[in-house]
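Peer 1: Pasting a structure below so you can have a look.
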Amino acid sequence: MARAVSPRRKTLTTLAAWSVAFIIFFPVLWMILTSFKTEASAVASPPELLGADWTLENYAEVWQRSDYPRFFWNSVVISLGSTLLGLAVAIPAAWAMAFVPGKRTKDLLMWMLSTKMMPAVAVMIPLYLLFLKLGLIDTRFGLVIALMLMNLPIIVWMLYTYFREIPGEILEAARMDGAGLVKEILYVLTPMALPGIASTLLLNVILAWNEAFWTIILTTTKAAPLSAFIASFSAPQGLFYAKLSAASTMAIAPILILGWFSQKQLVRGLTFGAVK
Amino acid sequence: MSTQSSRLAARVMVAPSVVLLFIWMAVPLAMTLYYSFRLYRLLSPDRTGWVGFTNYLWFFNSPDFWLALWNTLALVGGVLIITVMLGILIALLIDQPVKGQGMLRILVIAPFFVMPPVAASIWENLFMHPQNGLLAAVARGFGAQPILFLEEYPLLSVIGIVSWEWLPFATLILLTSLQSLSSEQLEAAEMDGASALNRLRHIILPHMTRAITVVILIQTIFLLGIFGEIFTTTQGGPGSASTTLPYMIFKQAIAAKDIGRAAAGGIIAVILANIVAYFLMRGIGRHLDA
């Protein structure tokens, strides 16, 4: 709802909006700045900015002391794997709910969402024991399954809202031309729904990347992703600010960059179809 | 267009999701329910047996439980109020014709990409730390005593940290909703002499109802289980001042190694989540045309 306003007002609102945005972003910025300072400079009082001792030493040390590439790769496999598997299960379900809705479709969607309301801590012990029995503790496969199930309701819901916007006549036309169900999904529906599927993929990769409960409880070393990497870093050494900041920056940088580049897609996905 | 065969196909296609989610929910829930009536302590593994409602009674008789219940609701409610109110204000501000809206969105969305342990440890160490934190330095700069955030205001501090994490989500959904409002309608109202406040109350806010509903629904789902932020910063303390129900369960399971009690707490948490969900759906569900 862009409207014409006086230049003076535009300057004022621009100033106000940028100040607010800067404040929201500031903790991330300060963390990144601190990661390039020496430890002494990081805790200096008053805080140093222009006169700070800048260094890359922290990154070198974090890199040496921990196996960052392994944590990173685990994060990539787990977040992408769980999302792709989730999409494979959810696309048919969302298709059916959107194009052949029954009386109970709405209830079913709400029930799916309600499974997410169960606090993870509440079922921590049984799930841990189950994973132990199945030999899934500290395996990437185990985490892929766990995070897939955790995000499945969100994936189904998002896809459903996208699919619903596709006119049903197109599918009927395809059917008249003799397309079977699989062909209909693969060649007609999927291409049309691709932007929606992309947003869903993005949002769920981010949710899985940032998941920091099951990824820590269900792993020890082999399959531990970046959330576990950062947990191991912050615990014993509260006072090494610069190194903590460097490790934190390394943990969030990949997803921050991905998120920034795909911002438009992501915001569309975030609205869960609530906003046309 | 739904013939009998397509209905059957639809059922088959929904089935995997439903079955998987049902197993994912029902099996751990059934196990939790079973343990909640058992004596099961990792420190004395040979003493087992049925104990009826003992584990539940322990919770109801513990003063910490009622505090934890209150803290859980205060955390969810506090974060919802802060993020929705600030989200509306910031969305209204960014929606004005401002320079560099794209870049603004990039700055505002950033906290959403920060994983909870990182968010919690930046706030705890770089900002709220009473000696080395930036906020302490600012306080000293004004000649004031640094505020002991996590010691004196633990729950409020956690609410602040979690609100920072969720503010981008609320703001961006509300902003998107705002941008879909037609400017003609607003201009017409303006010409009819409606004040800015009246335009907000009668046109803008009603238009955002659906978006606000989604913000509240999705955030509540995630907020009821908040754990990592408390674990990283206050560990539920000092005392039990910032212990929520999930954290209390965690303490029973990990520190006290009492699986039976933790399981009973888990069942109570599930019941609480259901009560919240019920009121949520009754209160705002009608705005949601899912």
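Peer 1: Work out the mean other chain Cβ neighbour count within 10 Å for the residues of B:49-57 and drop it here as an integer.
Peer 2: So the per-residue partner count for this stretch is 0.
Peer 1: Just to check I understand the Karplus step: with θ = phi - 60° and J = 6.51 cos²θ - 1.76 cosθ + 1.60, what whole-Hz values come out for region A:210-225, glycine and proline as x?
Peer 2: Along region A:210-225, the couplings run 8, 5, 10, 10, 5, 4, 8, 5, 8, 10, 10, 9, 4, 9, 5, x Hz.
Peer 1: Among the lysines, which fall within straight-line cross-link reach of residue B:99, defined as a Cα-Cα distance under 24 Å, with same-chain neighbours fewer than 8 residues apart omitted?
Peer 2: A:10, A:264
Peer 1: Distance between the C-alpha centers of region B:235-290 and region A:152-202? Whole Å please.
Peer 2: Here the two parts' Cα centres lie 37 Å apart.
Peer 1: Taking amide H positions as placed in the peptide plane 1.01 Å from N, state which residues far from residue B:38 in sequence (5 or more) or on other chains have amide H under 5 Å from it.
Peer 2: B:51
Peer 1: Going by amide H atoms built from the backbone, whose H comes under 5 Å of the H on residue A:55, apart from near neighbours?
Peer 2: Result for residue A:55 returns A:37, A:38.
Peer 1: Name the residue farthest towards the positive end of the dipole of chain B from the options B:232, B:16, B:122, assuming +1 on Cβ of Lys and Arg, -1 on Cβ of Asp and Glu, about the Cα centre.
Peer 2: The listed residue farthest towards the positive side: B:16.
Peer 1: Enter the accessible area per residue of the protein assembly as shown (Å², integer; probe 1.4 Å; all protein chains in place).
Peer 2: With the other protein chains kept in place, the protein assembly as shown gives 44 Å² per residue.
Peer 1: What are the ³J(HN,Hα) values, in whole Hz, obtained from phi via the Karplus relation 6.51 cos²θ - 1.76 cosθ + 1.60 with θ = phi - 60°, for each residue of region B:62-78 in sequence order, with x given for Gly and Pro?
Peer 2: Running phi through 6.51 cos²θ - 1.76 cosθ + 1.60 with θ = phi - 60° gives 8, x, 4, 5, 5, 5, 5, 4, 4, 4, 4, 5, 5, 5, 4, x, x Hz.
Peer 1: Please report, in debye to the nearest 20, how large the charge dipole of the protein assembly as shown is about its Cα centre when each Lys and Arg carries +1 at its beta carbon and each Asp and Glu carries -1 there.
Peer 2: Using Cβ point charges on Lys, Arg, Asp and Glu, the protein assembly as shown gives about 920 debye.
Peer 1: Right, next: What is region B:55-289 by shape, rounded, prolate or oblate, if you read a ≥ b ≥ c off the alpha carbon gyration tensor as root eigenvalues and call it rounded for a/c under 1.5, prolate for a/b larger than b/c, and oblate otherwise?
Peer 2: Because a/c hits 1.5 or more and a/b fails to exceed b/c, region B:55-289 counts as oblate.
Peer 1: What lysines sit close enough to residue A:243 to cross-link, taking a C-alpha to C-alpha distance under 18 Å and skipping anything fewer than 8 places away on the same chain?
Peer 2: A:37
Peer 1: For the pair residue A:53 and residue B:282, how long in nm is the line joining their label points, each one 7 Å along Cα→Cβ?
Peer 2: 6.3 nm
Peer 1: Along the charge dipole of the protein assembly as shown, which of A:108, B:264, B:97 sits closest to the positive end, that is, farthest toward it, with unit charges on the beta carbon of Lys, Arg, Asp and Glu (+1, +1, -1, -1)?
Peer 2: The residue sitting most towards the positive pole is A:108.
Peer 1: Here's a follow-up. Give me the net charge for the shell around residue A:206: Cβ to Cβ below 15 angstrom, other residues only, Lys and Arg +1, Asp and Glu -1.
Peer 2: Spelling it out: positives minus negatives among the neighbours equals 0.
Peer 1: Right, here's the next one. Which longest uninterrupted range of chain B lacks any chymotrypsin sites (Phe, Trp or Tyr not before Pro) assigned by DSSP to a loop state (not H, G, I, E or B) and surrounded by at most 16 other Cβ atoms within 10 Å?
Peer 2: The answer is B:143-290.
Peer 1: Along the charge dipole of chain B, pointing to its positive end and built from +1/-1 on Cβ of Lys, Arg, Asp and Glu, which listed residue (B:74, B:56, B:135) has its Cα farthest out?
Peer 2: Checked the options; the winner is B:56.
Peer 1: For the A and B pair, go ahead and give the buried accessible area with a 1.4 Å probe, both sides summed, in Å² to 100.
Peer 2: 9300 Å²
Peer 1: Continuing with this model, one more query. How crowded by other chains is A:182-195, given as the mean number of beta carbons from other chains within 10 Å of each beta carbon?
Peer 2: Counting Cβ atoms of other protein chains within 10 Å of each residue's Cβ and averaging gives 0.
Peer 1: How far is helix A:241-261 tilted off the main Cα axis of chain A, in degrees rounded to 10, range 0 to 90?
Peer 2: Around 30 degrees separate the two axes.
Peer 1: Using θ = phi - 60° and the Karplus curve 6.51 cos²θ - 1.76 cosθ + 1.60, what whole-Hz ³J(HN,Hα) does each residue of region B:99-115 get, with Gly and Pro shown as x?
Peer 2: For region B:99-115, the Karplus curve yields 6, x, 4, x, 5, 4, 4, 5, 5, 5, 6, 3, x, 4, 8, 8, 5 Hz.
The values are calculated or read from the model by the stated rules, or taken from the named source; none is laboratory data. Model, not experiment: these values are computed from the prediction. Neighbour counts run over all protein chains shown; Cβ positions are idealised from the backbone, glycine included. Accessible surface areas use protein heavy atoms only, side chains included; no ligands, DNA or RNA. Shrake-Rupley method; radii C 1.70, N 1.55, O 1.52, S 1.80 Å.
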